[in-house]
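Colleague: Have a look at the structure that comes next, please.
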Amino acid sequence: MKPHHQKVTVIAPARLHMGFIDLSGALGRHFGSIGMALEQIHTRVEVSYAETLTVNGLCADRVAKALSRLCRRLQLPESLRVDVIAAIPEHIGLGSGTQLSLALGAALNAFYALNLSVRDIAHLTERGARSGIGIGAFEAGGLVVDGGRGPDTVTPPILAQIAVPESWRFILVFDTRGQGLHGEQEVSAFRKLPPFPRREAERLAYLLLMQAMPAIAEQNLTAFGEVITELQNSVGRHFAPVQGGVFASREVAQTMAWLQAQGAVAIGQTSWGPTGFCALPDPQRAAHLLSELQRHFASHYLEFQVVSARNSGADIIRH
């Protein structure tokens, strides 16, 4: 098969995973989740022709293995050069694995004009085993709510995609010493958890549908943030036995408590962490709190970043 373009560039956004909706599975569907795409953190890959598979840049071994597997499944030649210009940090709750897999699949799809959908690529690369937030972030960005997995689900369906107000900012708190649960650790953790109460899942679903989603549509950060904090506390308590607390990092937890006391809302941990997040109504307030954070919590293992939501999906550029 011949390439249709000289080069293809894909830029895939990081995402916040803000929590699961139903861990009880009482209605036959498991998980369901809410999250959003981020603007300032991304994975960028460039694919062009080479006589043999050549991978340069970040995550080279991982990318080479993933590409070989994809090429075999799609019956494509491995006559590719791949440059990984930027990569979302791995296993800290920002969706690095899904975005890298989708970026590589989308690059091959465009390079060879395969006419695959994002859902096709997600299925081929075995993404969306629990959450559909990363897939939704790649497809369309914004705030994403997915419907979890039922008995016949291939990839979790996106139930809502809502634009996030441009002025809102999110402070990320990174603990550079560790990573969240992933891979077999994550699978094992889910097995060890006790049953999630159906009544609590019903309460969270009601709050999400009738408070958080209308609030973001009406640009009411306070009401939106209340639900995210409540969802995070509930699910965090459920996960506490396998991650050591509501937050995976004690230092991140202390920082998030301080941020909440300063008026930040939507207090939580993305995925298995250890990264914490919170929301502020405008860039000025976020910048002020960032400087205060750096003054109060200066250490060699805590780092902070202000980011905004991304209201569009991945960029796919054909050269």
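The values are calculated or read from the model by the stated rules, or taken from the named source; none is laboratory data. Given the structure is predicted, the values throughout are model-derived calculations rather than measurements. Because the Cβ atoms are built from the backbone with ideal geometry, glycine has one as well, and the counts that use them run over all protein chains shown.
Colleague: Working only within region 267-305, note down all residues that are buried (at least 16 other Cβ atoms within 10 Å of the Cβ) and aliphatic (A, V, I, L, M).
Modeller: Those that are buried (at least 16 other Cβ atoms within 10 Å of the Cβ) and aliphatic (A, V, I, L, M): 267, 279, 280, 286, 289, 290, 293, 302.
For every residue, the table says whether it meets (1) surrounded by fewer than 20 Cβ atoms within 10 Å (Cβ to Cβ); (2) closer than 20 Å to residue 129 by Cβ; (3) at pLDDT 95 or above.
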residue: 148; (1), (2), (3): no, yes, yes
residue: 166; (1), (2), (3): yes, no, yes
residue: 179; (1), (2), (3): yes, yes, no
residue: 182; (1), (2), (3): yes, yes, no
residue: 219; (1), (2), (3): yes, no, yes
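Colleague: So, restricting to helices (runs of 4 or more DSSP H) that lie completely within region 86-171, which ones have at least 3 residues that are out of contact with any helix residue (DSSP H, G or I) (no Cβ under 8 Å at 6 or more places or on another chain) and among the small types (Gly, Ala, Ser)?
Modeller: 96-112
Colleague: Still on this structure: Any idea how many residues of region 275-319 are polar (S, T, N, Q) and farther than 29 Å from residue 136 by Cβ? Please lay out each step first, then the result.
Modeller: Initial filter on region 275-319 (polar (S, T, N, Q)): 275, 284, 291, 294, 299, 305, 308, 311-312.
This time we only want the ones that are farther than 29 Å from residue 136 by Cβ, so: 284, 291, 294, 299.
Adding up the residues that qualify gives 4.
Colleague: Could you identify the single residue in 58, 23, 67, 76 that is in contact with a helix residue (DSSP H, G or I) (Cβ under 9 Å, 6 or more places away or on another chain) and free of Cβ contacts under 8 Å to residues at least 60 places away in the same chain?
Modeller: 67
Colleague: Would you point out the residue of region 1-34, among those that are over 21 Å from the mean Cα position of the chain (by Cα) and among the aliphatic types (A, V, I, L, M), that is modelled with the highest pLDDT?
Modeller: 8
Colleague: Would you be able to say whether some residue in region 204-220 is under 20 Å from the mean Cα position of the chain (by Cα) and closer than 21 Å to residue 39 by Cα?
Modeller: Yes, region 204-220 contains a residue that is under 20 Å from the mean Cα position of the chain (by Cα) and closer than 21 Å to residue 39 by Cα.
Colleague: Among the listed residues 273, 263, identify the single one that is more than 30 Å from residue 104 (Cα to Cα) and either part of a loop (DSSP other than H, G, I, E, B) or in the same structural domain as residue 90 (by TED's automatic domain parsing) (or both). Give the steps one after another, and end with the answer.
Modeller: Numbers: 273 fails: more than 30 Å from residue 104 (Cα to Cα).
So the residue among 273, 263 that is more than 30 Å from residue 104 (Cα to Cα) and either part of a loop (DSSP other than H, G, I, E, B) or in the same structural domain as residue 90 (by TED's automatic domain parsing) (or both) is 263.
Colleague: Please determine, by comparing only the residues of region 24-61 that are of a type in the set (Val, Ile, Thr) and surrounded by 15 or more Cβ atoms within 10 Å (Cβ to Cβ), which one is farthest from residue 163 (Cα to Cα).
Modeller: Step one: list which residues in region 24-61 are of a type in the set (Val, Ile, Thr), which gives 34, 41, 43, 45, 47, 52, 54-55.
Pick out the ones that are also surrounded by 15 or more Cβ atoms within 10 Å (Cβ to Cβ) and you get 34, 41, 43, 45, 47, 54-55.
On the way: 34: 13, 41: 18, 43: 21, 45: 26, 47: 30, 54: 38, 55: 35 Å.
Once the filter is applied, the top-ranked residue is 54.
Colleague: Among the residues that make up region 39-60, is at least one of them hydrophobic (A, V, I, L, M, F, W, C), under 22 Å from residue 276 (Cβ atoms) and either in a strand (DSSP E or B) or out of contact with any strand residue (DSSP E or B) (no Cβ under 7 Å at 6 or more places or on another chain) (or both)? Walk me through it before giving the result.
Modeller: So in region 39-60, the residues hydrophobic (A, V, I, L, M, F, W, C) come out as 41, 45, 47, 50, 53, 55, 58-60.
Narrowing further to those that are under 22 Å from residue 276 (Cβ atoms): 41.
Subset that is either in a strand (DSSP E or B) or out of contact with any strand residue (DSSP E or B) (no Cβ under 7 Å at 6 or more places or on another chain) (or both): 41.
Checking region 39-60: at least one residue is hydrophobic (A, V, I, L, M, F, W, C), under 22 Å from residue 276 (Cβ atoms) and either in a strand (DSSP E or B) or out of contact with any strand residue (DSSP E or B) (no Cβ under 7 Å at 6 or more places or on another chain) (or both).
Colleague: Right, something else. Those residues that are within 18 Å of residue 305 (Cβ to Cβ), assigned to a helix (DSSP H, G or I) and either out of contact with any Phe, Trp or Tyr (no Cβ under 9 Å at 6 or more places or on another chain) or not assigned by TED's automatic domain parsing to the domain that holds residue 175 (or both), I need them from region 246-259; list them, please.
Modeller: 259
Colleague: Here is a follow-up. I'd like the full set of residues that are in contact with a Lys or Arg (Cβ under 8 Å, 6 or more places away or on another chain), under 27 Å from residue 235 (Cβ atoms) and not aromatic (Phe, Trp, Tyr), limited to region 282-319.
Modeller: 285, 286, 306, 307, 308 - these are the residues of region 282-319 that are in contact with a Lys or Arg (Cβ under 8 Å, 6 or more places away or on another chain), under 27 Å from residue 235 (Cβ atoms) and not aromatic (Phe, Trp, Tyr).
Colleague: Could you tell me whether any residue of region 6-20 is in a helix (DSSP H, G or I) and surrounded by fewer than 21 Cβ atoms within 10 Å (Cβ to Cβ)? Outline the logic, then answer.
Modeller: The initial filter retains those residues of region 6-20 that are in a helix (DSSP H, G or I), namely none.
Scanning region 6-20, I find no residue that is in a helix (DSSP H, G or I) and surrounded by fewer than 21 Cβ atoms within 10 Å (Cβ to Cβ), so the answer is no.
Colleague: Identify all residues within region 293-319 that are more than 15 Å from residue 177 (Cα to Cα) and of a type in the set (Asp, Glu); write none if there are none.
Modeller: 315
Colleague: Let me ask another. Quick check on residue 204: is it of a type outside the set (Val, Ile, Thr) and touching a helix residue (DSSP H, G or I) at 6+ places or on another chain (Cβ under 7 Å)? Talk me through it step by step, then tell me what you get.
Modeller: Working: of a type outside the set (Val, Ile, Thr): yes; touching a helix residue (DSSP H, G or I) at 6+ places or on another chain (Cβ under 7 Å): yes.
Here the answer is yes, as residue 204 does meet what is asked.
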